[in-house]
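Just below is one structure, and these are the notes that go with it.
The values are calculated or read from the model by the stated rules, or taken from the named source; none is laboratory data. As the structure is a computational prediction, the values presented were derived from the model and not from experiment. Note: ideal-geometry Cβ built from the backbone for every residue, glycine included; neighbour counts use all protein chains shown.
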Amino acid sequence: MFKRKIIYYPLIVLVFLAFYLYVANGFIYYRIGQGNLIMPPRENSYTMGEGKEIKYIALGDSLTSGVGADKYEESYPYLLEQKMAESGLTVTSRNFSEPGYKTYDLINIFIDSAIASKPDVVTVLIGVNDIHNHVSQEEFKKNYEYLLGRLTKETKAKINLINIPLIGSDTVLYPPYDYYFNRETNNFNDIIKELAQTYHANYIDLNTPTKNLLKTDGLHYSVDSFHPSALGYKLWAQIIYDRLNY
């Protein structure tokens, strides 16, 4: 009887651990889904400011679409355009982003149109969905390098690569997923930084100055504690603009 208990206890622990991991992983996407967030409607392009004319395009996913904000004018690409215009430029912007997009989707849906718009300034923020969909580091690097290679060869734009922020507060990412996504985000950001150096693109570190803030709930988050709020995007826009090459 004693020997049976020795065998059963480890099995009970393993079953409980497996159940916890399953529930904790599912809870991440349950919380995101329960937020019922939608992409704010946007125009095909925006023009503002007076001065030398430049074209700015933003490539990305829901974070670049402004999901979590009430209107597109609160998204970080729009706020970046405002700041560039205030510096004495006439800026025309277009946003090539869609919620849920991965590097593969930018290649297949947006890259041709983005290049055809003949941009002078480009920002790229992509990779969160690659991580959450378990895209391998090898595939991510191949896709990201393809995007960067085409932008470099087929445009004269100043290219800004924004690294991946660790989004999801501690009420969404329970242990060990907080550790897992932090590790994966760091690994993917190392790839982006390496490619930025190889292709002489401007690397913008959004992750480091926001990591501690994004670990906890607050007004910087929308209702799902994953996508930023208008305040969160405003903070992002300032960090990005201070490091932007335009």
Practice task
List the number of the failed condition for S169; all other conditions in (1) more than 20 Å from D205 (Cα to Cα); (2) of a type in the set (S, T, Y); (3) not in a helix (DSSP H, G or I) hold.
Solution key: (1)
Problem - Any hit, the range 112-120, residues being crowded, with 19+ Cβ neighbours inside 10 Å and under 17 Å from the mean Cα position of the chain (by Cα) - result: no
Completion exercise
Note on the range 227-243: residues closer than 19 Å to D61 by Cβ and either touching a Cys at 6+ places or on another chain (Cβ under 9 Å) or not in a helix (DSSP H, G or I) (or both) are H227, P228, S229
Completion exercise
Residues of the range 7-41 being outside any helix (DSSP H, G or I) and touching a Ser or Thr at 6+ places or on another chain (Cβ under 8 Å), in sequence order, are G35, L37, M39, P40
Exercise for the section: Scan the range 184-231 residue by residue and report those that are touching a strand residue (DSSP E or B) at 6+ places or on another chain (Cβ under 6 Å) and closer than 25 Å to A157 by Cβ. Expected result: I192, K193, A196, A201, N202, Y203, I204, L206
Practice task
Go over the candidates S93, S113 one by one and state the one that is in contact with a Pro (Cβ under 7 Å, 6 or more places away or on another chain), small (G, A, S), at pLDDT 95 or above and closer than 22 Å to S45 by Cβ.
Solution key: S93
Handout entry: Out of P10, P41, sole residue that is at pLDDT 95 or above, of a type outside the set (K, R) and surrounded by fewer than 20 Cβ atoms within 10 Å (Cβ to Cβ)
Key = P41
Practice task
Check the range 50-57 and report whether any residue there is more than 18 Å from the chain's Cα centre (by Cα) and outside any strand (DSSP E or B).
Solution key: yes
Practice task
Return yes or no: is F181 in a helix (DSSP H, G or I), at pLDDT 95 or above and under 23 Å from G232 (Cα atoms)?
Solution key: yes
Exercise for the section: Say whether the condition of being crowded, with 16+ Cβ neighbours inside 10 Å, outside any helix (DSSP H, G or I), of a type in the set (G, A, S) and touching a strand residue (DSSP E or B) at 6+ places or on another chain (Cβ under 8 Å) is met by at least one residue in the range 77-92. Expected result: no
Handout entry: Failed item in (1) hydroxyl-bearing (S, T, Y); (2) in a helix (DSSP H, G or I); (3) within 18 Å of the chain's Cα centre (by Cα), with T152 passing the rest
Key = (3)
Practice task
Using the structure shown, decide if D130 is within 21 Å of Y56 (Cα to Cα) and among the acidic types (D, E).
Solution key: no
